[in-house]
Amino acid sequence: MVDVPPTVPGQHYIRTTEARSDERTRVLKHGDTFAVFNHLGDIEGHDRSEFGLFHRDTRFLSWMTMRLVDDESLLLLKSAIRKDNALLTVDLMNPDIIRGGDVIIPHGTIHVYRSQVLWGTTCYSRVRIHNYGDSTVHIPIQLAFSADFADIFEVRGLARKQRGRLLEPSVKQSAIGFAYEGMDNRRRFTYVHFSPTPTSLTDTVALYESDLDPQSAIEFGWTVTCEVKDPDTSSGNGGPVAVLGYDTAATRATSALRATRQAEPKVVTSNEQFDVWVNRSLADLHMLQTETPHGTYPYAGVPWFSTPFGRDGILTAYQCLWFSPDVARGVLSYLAAMQAKELDDARDAEPGKILHETRAGEMASLGEVPFERYYGSVDVTPLFVMLAGAYYQRTGDRSFVKRLWPHIELALHWIDEYGDIDGDGFVEYERRSEEGLVQQGWKDSNDSVFHEDGRAAVGPIALCEVQGYVYAAKMAASRLASALGHTDQVRILKDEAARLADAFEDAFWCEDLSTYALALDGDNRPCKVRTSNAAHCLFSGISEKRHAHRVAETLLSEPGYTGWGLRTVASTEARYNPMSYHNGSIWPHDNAIAAAGLGRYGHRKGAAQIMTGLFDASQYFDLHRLPELFCGFTRRPDEGPTLYPQACLPQAWAAATPLLCLQACLGLEVNGVRDEVRFHDPYLPAYIDQIQINDLNVRNGQLDLLVTRYERDVGVRITRREGTTKVVVLK
């Protein structure tokens, strides 16, 4: 290996200066607002900590703590997010309260129950204090608040040369008001309203004092509301905003999540822990789904990516397409509305290109970061077409894809006109904006594309998986063209896909590595590195069968597979680092795509091996929630996986992982065009004896299915059928 200079973090790098003292963050989200608490239910969002109440990429509350007077912390008994993600509940008790050397209140005398819910732009908090002692006790509770109005990119670590103006906090009766005048001419307000009125109140501290009789309790609460006023509206500083009561907010949050769940199929297996994993994942998906003017969209992840991301939204929708096709419909509608219409170098935009991400914060509005509406992704545009084709096959919804067809044509035009920068037949990327992303595939950290000796590849870069996505996009578009009667385009698109597949094998296959090159650099030299990117080539179907089998073996070999999952980069490679973001870590969604790719080429046991590793890993994670990524160390006996600092929890495409893994194992295809459900050579691992899938909606009916594992076979039985939908099992 040549001497490689140390990598300089990119300008949008998420800085990590200290380890998390406790991994058990607690997250609530509704719409464009989310909150990150510690396990006590507090917010201690100093400096670059991710804790806070955020709205539209701004931290509206950076500090909210509850203490006994004299700064004595309460002791944790239990901290939990409810299974549906609607409520955060925390049980606390007092420590020994000592005065003058004597214990005046023994520990465990006072129980404190704390619950919080997020609805709209308001966080609702309720506290109930119960005296279980045999004498009256004096209880002073101190609540502290502050608001720094930091932009999400400041919280991530970007320094600003200049900020807006923090206004003096205001106190009115039972409320505190914080305000910030942004350089974008927007005013942002945080209102904290208490009920009942505290014993005393300043612009940072509320104090409740009470003499609590034996076996009696008191209750109080407060709300924190975020508000943004644009320049053309009133100043908004007239006082606290009217909000709901706690019970009403909790009921609405619970009902909304329940309604979403009731509209979906029900999956129950013989393994209770597996069901816990699936249900936690579904709850996270529901929480991250956000209503937009163009439909429901799964925001990418909390805290750093709580916004629409094109790639994340598409792949999340694809993973749960068999289960809930409405997610794909919302994603496609939103991205079609945001499709680029003109050249804009500052945004890395070109006509027909599909959105990478959008941001609503002050720094994005001012252009301090380029992400207000940014298009610097090379793979999102073909993925958009690919998802459109898959959505039509799943639903048979011809009217929707007919409306979508002009956007599909624009995306295909981008692939041919702008995507192939050097005219070699492959789609490449090279950023136009100096502020934009250097790497524009899914592995978008600066050091993620390199040659076998560790040297960084120089662009324009043609990634292997992107060619697969383009192949799949053209095949999908040919099917859609046929369905819509555009017969002249069907053969053209198929021929283009076939030529691309042939050229891809010639240029990317590495016989000595038994896998595909990570990429071609600007001189069309292959980056001969074993990576998980090759699995995406199986997922898209561009790979020849003879090569697909060898790729599968390489992926699941010891350098590639840790026992928990596939590494992004095999341990044999020059830049391998199990603690890196993209060069050796494990990403659940990447593994799910690999499982789907293996399943596509008949490697059901390999798909099950990947699902098993991720399922095992989930047993060690808090709430059984798969993170955005975790470290790629080899699995060690009687030890859990190693966490990655700053990973998003929850993350949409990580949450969708179990659904795609399960589909890959079962060889499940739900086809609304044919009004048919197919199982291609289904396989179940030894820890699942049965799977019941109820209320599976297909075009003209609904099914309940029972999948059963036998000693040498897997059987499928229809337990209820409404309509004419057929079930076919191919073995």
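Readers should treat all values here as calculations from the given coordinates under stated rules, not as data from a laboratory. Quick caveat, the model's predicted, so the values are computed rather than measured. Backbone-built Cβ (ideal geometry, glycine too); neighbour counts: all protein chains shown.
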(message) When only alpha-carbon atoms are used, what values of Rg and Dmax, in angstrom, describe region 45-156?
(response) 16.7, 52
(request) For region 108-245, build the charge dipole from Cβ charges (+1 Lys, Arg; -1 Asp, Glu) around the Cα centre, then report which of Leu118, Leu244, Pro196 sits farthest towards its positive end. (result) Leu118
(request) Note down the Stokes-Einstein diffusion coefficient of region 311-359 in µm²/s, whole number, using a Kirkwood radius over alpha carbon pairs, 20 °C, and 1.002 mPa s. (result) 184 µm²/s
(request) Would you kindly calculate the mean projected area, averaged across all directions, of the convex hull enclosing the Cα atoms of region 26-254, in square nanometres? (result) 13.5 nm²
(request) Determine the distance separating the Cα centre of region 635-670 from the Cα centre of region 129-155; give it in Å without decimals. (result) 36 Å
(message) I need the Debye-formula profile for region 92-228: one equal scatterer per C-alpha, no solvent, reported as log10 I(q)/I(0) at q = 0.10, 0.12, 0.19 1/Å, two decimals.
(response) -0.47, -0.62, -1.09
(request) Mind pulling up the Rg/Rh value for region 679-730? Radius of gyration and Kirkwood radius, both on Cα. (result) 1.00
(request) Return, ordered by residue number, the residues of region 558-578 whose backbone nitrogen is under 17 Å from a label point located 7 Å along Cα→Cβ of Thr634. (result) 558-574, 576-578
(request) Could you pull out every one of the aspartates and glutamates with an alpha carbon less than 12 Å from that of Lys229, ignoring same-chain neighbours closer than 8 positions? (result) Glu181, Asp184
(request) Please report, in cubic angstrom per residue, the volume enclosed by the convex hull of the alpha-carbon atoms of region 422-490. (result) 124 Å³
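Using only Cα atoms, what is the ratio of the radius of gyration of region 379-555 to 2.2 N^0.38 Å?
Expressed relative to 2.2 N^0.38 Å, the Cα Rg reads 1.04.
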(request) Hey, for a label at Asp213 modelled as a point 7 Å past Cα toward Cβ, could you say which residues of region 84-111 have their backbone N under 20 Å away? (result) 109-111
(request) Would you mind calculating the gained length between Asp523 and Glu544 on full extension (0.36 nm times residue separation, minus the Cα-Cα distance), in nm to one decimal? (result) 5.1 nm
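Between Thr296 and Ser135, what FRET efficiency comes out of the Förster formula 1/(1 + (r/R0)^6) with R0 = 60 Å and r the beta carbon distance, rounded to 0.05?
Values: r = 55 Å, r/R0 = 0.91.
Taking R0 as 60 Å, the efficiency between Ser135 and Thr296 is 0.65.
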(request) Find the centroid of the Cα atoms in region 588-617 and in region 499-544, then give the distance between the two in whole Å. (result) 20 Å
(request) Pull out the extension gain between Met579 and Arg24, defined as 0.36 nm times the separation in residues minus the alpha carbon to alpha carbon distance; nm, one decimal. (result) 197.8 nm
(request) With 26 Å as the limit, write out which pairs from Lys83/Lys731; Lys266/Lys353; Lys29/Lys266 have Cα-Cα distances beyond it, or answer none. (result) Lys83/Lys731; Lys266/Lys353
(request) Using only alpha carbons, build the gyration tensor for region 607-727 and give me the equivalent ellipsoid semi-axes, biggest first, whole Å. (result) 32, 17, 11
(message) Report the Cα centroid-to-centroid distance between region 715-731 and region 468-490 in angstrom, as an integer.
(response) 29 Å
(message) Can you tell me the convex hull volume per residue for region 294-385, based on C-alpha atoms, in Å³ to the nearest whole number?
(response) 90 Å³
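Please report the net charge: other residues with Cβ closer than 14 Å to the Cβ of Val728, K and R +1, D and E -1.
Working: positive: Arg674, Arg678, Arg717, Arg721, Lys726, Lys731; negative: Glu669, Asp675, Glu676, Asp681.
Here the count lands on +2.
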(message) Taking 30 Å as R0, compute the FRET efficiency from the Cβ-Cβ separation of His486 and Glu676 and round it to 0.05.
(response) 0.75
(request) Quick one: give the max-minus-min coordinate of the C-alpha atoms of the chain along each principal axis, largest first, in Å. (result) 82, 60, 54
(request) DSSP loop (so not H, G, I, E, B), at most 16 other Cβ within 10 Å: list which GluC sites (Glu not before Pro) in region 537-624 pass both filters. (result) Glu544
(request) Could you list the residues of region 140-157 with an amide nitrogen less than 15 Å from a label point located 7 Å from the Cα of Asp203 in the Cα-to-C-beta direction? (result) 145-149
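Given R₀ = 35 Å, FRET efficiency for Leu166-Tyr620 by Cβ-Cβ distance, to 0.05? Before the final figure, lay out each step's value.
On the way: r = 42 Å, r/R0 = 1.19.
Rounded to the nearest 0.05, the efficiency is 0.25.
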(message) Taking the square root of 5 times each eigenvalue of the Cα gyration tensor, what semi-axes in Å does the equivalent ellipsoid of region 437-536 have, largest first?
(response) 30, 14, 11
(request) State the extension gain, in nm to one decimal, for the chain segment bounded by Ser195 and Glu434, taking 0.36 nm per residue of separation less the distance between their alpha-carbons. (result) 81.0 nm
(request) Take every Cα-Cα distance within region 247-319, group them into 10 Å bins from 0 onward, and report for each bin the whole-number percent of pairs it holds. (result) 16, 43, 34, 7, 0
(request) Please turn the phi angles of region 288-293 into ³J(HN,Hα) values with the Karplus equation 6.51 cos²θ - 1.76 cosθ + 1.60 (θ = phi - 60°), one per residue in order, whole Hz, x for glycine and proline. (result) 7, 5, 10, 6, 10, x
